[in-house]
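Remarks on the structure that follows.
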Number of protein chains: 2
Amino acid sequence: MAEDSAVIGRSGSYSTGVARRREILDRAIEVFAERGSDGASLRQIAKAIGVSHTALLHYFDSREQLLVAVYEHAEWTRGETHPWPAEATAVDRLVRAATENVKVPGLVQLYSTLVATALAEESGASKEFFTRRFEVTRENIAAWLRRDQALGLVREDVDADMIAAMLVAASDGLQTQWLLDSSVSLIETLRAFDALLSPCPGAAADRPEPADAPDRD
Amino acid sequence: MAEDSAVIGRSGSYSTGVARRREILDRAIEVFAERGSDGASLRQIAKAIGVSHTALLHYFDSREQLLVAVYEHAEWTRGETHPWPAEATAVDRLVRAATENVKVPGLVQLYSTLVATALAEESGASKEFFTRRFEVTRENIAAWLRRDQALGLVREDVDADMIAAMLVAASDGLQTQWLLDSSVSLIETLRAFDALLSPCPGAAADRPEPADAPDRD
DNA sequence: GTCTATACGTCGATAGAC
DNA sequence: GTCTATCGACGTATAGAC
């Protein structure tokens, strides 16, 4: 992920390892995007790439670690492209992420499968990855929420950390419901948080400044 | 589920089928509650019950249908016991359901696994069961929300059906996060919906009655 | 109807040859 | 680095005992 940028510029000889690893991940992402996580056995992924399934285990310790790496790589590849406008709110970011996710149902399926695996195991690659990932995601959203609060866009009588967990949960859960029944209005429902989180018009309101100076802690 | 009550009271001879089926489900629920969904292979469940694994397939068409039946039966068994106080709000009910769920992590794991399976398959028992289940759950919560709105407990500027989907999603997602990291305050975060959904103090407010007359449709 | 025994194909994983 | 061979466990199907 970050490590290879320090390696691939070298002589080109032993960089083939990480380059090949990346090729495998890129191709595996396509497999998931096209066929979903149904044909996701190690042997079927290997066949789609054109190698034996044991070859994959030379780059990844297990099937589970391969799948986690695929999801991580897909997320990273996608996140690289377009920057965020500075004025985007926390809900704005959730909405865009969800919009992009539903375009690739196979990856949402993969996400759901891996989270279920993480819940079921005593310990393992999935568990550690997703525990950490939820933690980071919650922290990011909480920071945006605090900025939104400082800007007067979000009511201040709620705890940003709790709302962050709630937003992540709602986003995940709504994507699940949407995949099962597309009549569930994913984006609209996420947008409903705008109304729930906006400061009440006649509220007490001893807000410090009208805008502009976010007092981050 | 409802069908057997019309059968088991009969002569007692051919009712042994559904009785045995029920025994299997009861024992399987214990297995999941004790060991989670890790040792959830057909063969391991059969061993815990004390029969060969093929015996299970005489009562259930496949492993997947057995697992769905286990979850359904566990949910039904639990729901039988205690009635709801009439004054409980939609959020109250979510909170109690979540409180009971986290007492049996194995069943939450099973739920998560089955939902992931439902998302991954083109069609199948899990997909149909959970699509329908989400639909029913959303409708129930939406009805409670509309009652809460009529009672003046929930703001009326939001759509009950959308909020229902949001509440189900948040509840599912928060249970997932809680299982991975118990520092996430599941109940408190669900309770935060009370503040988000309560009518704003100084809002426009052309509410019909102060309380007391829920106009159910 | 209830259940065991057996077999088939596939799975993730390992060991060792080239 | 990639292969073949092999392992035990899996879900499923079938035949037949009681």
Worksheet, complete the sentence: Expected output for the stretch B:156-185 (first residue more than 8 Å from every other protein chain (Cβ to nearest Cβ), partner assigned to a loop (DSSP other than H, G, I, E, B) and of a type in the set (A, V, I, L, M), Cβ below 7 Å, 6+ apart or cross-chain) is B:Gln175/B:Val102; B:Trp178/B:Val102; B:Trp178/B:Val184
Discussion item. I'd like the residue in the stretch A:33-59 that is touching a residue at least 24 places away in the same chain (Cβ under 8 Å) and over 16 Å from A:Gln109 (Cα atoms) and, out of all such residues, is least open to solvent (accessible area, probe 1.4 Å).
Written reply: A:Leu56
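Taking A:Arg132 as the residue in question, decide whether it is of a type outside the set (Gly, Ala, Ser), free of Cβ contacts under 8 Å to residues at least 24 places away in the same chain and more than 14 Å from chain B (Cβ to nearest Cβ). Quick ask: steps written out before the conclusion?
On the way: of a type outside the set (Gly, Ala, Ser): yes; free of Cβ contacts under 8 Å to residues at least 24 places away in the same chain: yes; more than 14 Å from chain B (Cβ to nearest Cβ): no.
In short, no.
Here's the yes/no breakdown for (1) at pLDDT 95 or above; (2) surrounded by fewer than 18 Cβ atoms within 10 Å (Cβ to Cβ); (3) outside any helix (DSSP H, G or I):
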position: A:Ala74; (1), (2), (3): yes, no, no
position: A:Glu100; (1), (2), (3): yes, yes, no
position: A:Lys103; (1), (2), (3): yes, yes, yes
position: A:Thr113; (1), (2), (3): yes, no, no
position: A:Ser123; (1), (2), (3): no, yes, yes
position: A:Val136; (1), (2), (3): yes, yes, no
position: A:Ala142; (1), (2), (3): yes, no, no
Item to complete: Evaluate the stretch B:43-62: report whether one residue or more is in a loop (DSSP other than H, G, I, E, B), modelled with pLDDT of 95 or more, small (Gly, Ala, Ser) and over 29 Å from B:Ala169 (Cβ atoms).
Response: yes
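What number of residues in the stretch B:60-72 are exposed (fewer than 14 other Cβ atoms within 10 Å of the Cβ) and β-branched (Val, Ile, Thr)? Show your work before the answer.
We begin by selecting, within the stretch B:60-72, every residue exposed (fewer than 14 other Cβ atoms within 10 Å of the Cβ); these are B:61-62.
From what's left, β-branched (Val, Ile, Thr): none.
The number of residues fulfilling the criteria is 0.
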Discussion item. Taking the criterion of being out of contact with any helix residue (DSSP H, G or I) (no Cβ under 9 Å at 6 or more places or on another chain), of a type in the set (A, V, I, L, M) and away from DNA strand C (no atom under 16 Å from the Cβ), would at least one residue in the stretch B:79-94 satisfy it?
Written reply: yes
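Which one of these is modelled with pLDDT of 95 or more and within 28 Å of B:Ala33 (Cα to Cα): A:Val158, A:Val168, A:Val154?
On the way: A:Val158 fails: within 28 Å of B:Ala33 (Cα to Cα); A:Val154 fails: within 28 Å of B:Ala33 (Cα to Cα).
Just one listed residue meets the conditions, A:Val168.
Determine which member of the set A:Val184, A:Val154, A:Val158, A:Val168 is of a type in the set (A, V, I, L, M) and in a helix (DSSP H, G or I). Give the derivation first.
Working: A:Val184 fails: in a helix (DSSP H, G or I); A:Val154 fails: in a helix (DSSP H, G or I); A:Val158 fails: in a helix (DSSP H, G or I).
After ruling out the rest, the residue left standing is A:Val168.
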Response to the item:
Going through the stretch A:63-118 in order, the residues found to be away from chain B (no Cβ under 12 Å) and small (Gly, Ala, Ser) are A:Ala69, A:Ala74, A:Gly79, A:Ala86, A:Ala88, A:Ala90, A:Ala97
Response to the item:
Checked the stretch B:77-98 for anything over 15 Å from B:Thr176 (Cβ atoms), at pLDDT 95 or above and open to solvent by 40 Å² or more (accessible area, probe 1.4 Å); matches are B:Asp92, B:Arg96
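The values are calculated or read from the model by the stated rules, or taken from the named source; none is laboratory data. Remember, it's a predicted structure, so these values are computed and weren't measured experimentally. Positions of Cβ are backbone-derived with ideal geometry, glycine not excepted, and every protein chain shown enters the neighbour counts. Side chains are part of the model used for accessible areas, which takes the heavy atoms of the whole protein and leaves out ligands, DNA and RNA. Shrake-Rupley method; radii C 1.70, N 1.55, O 1.52, S 1.80 Å.
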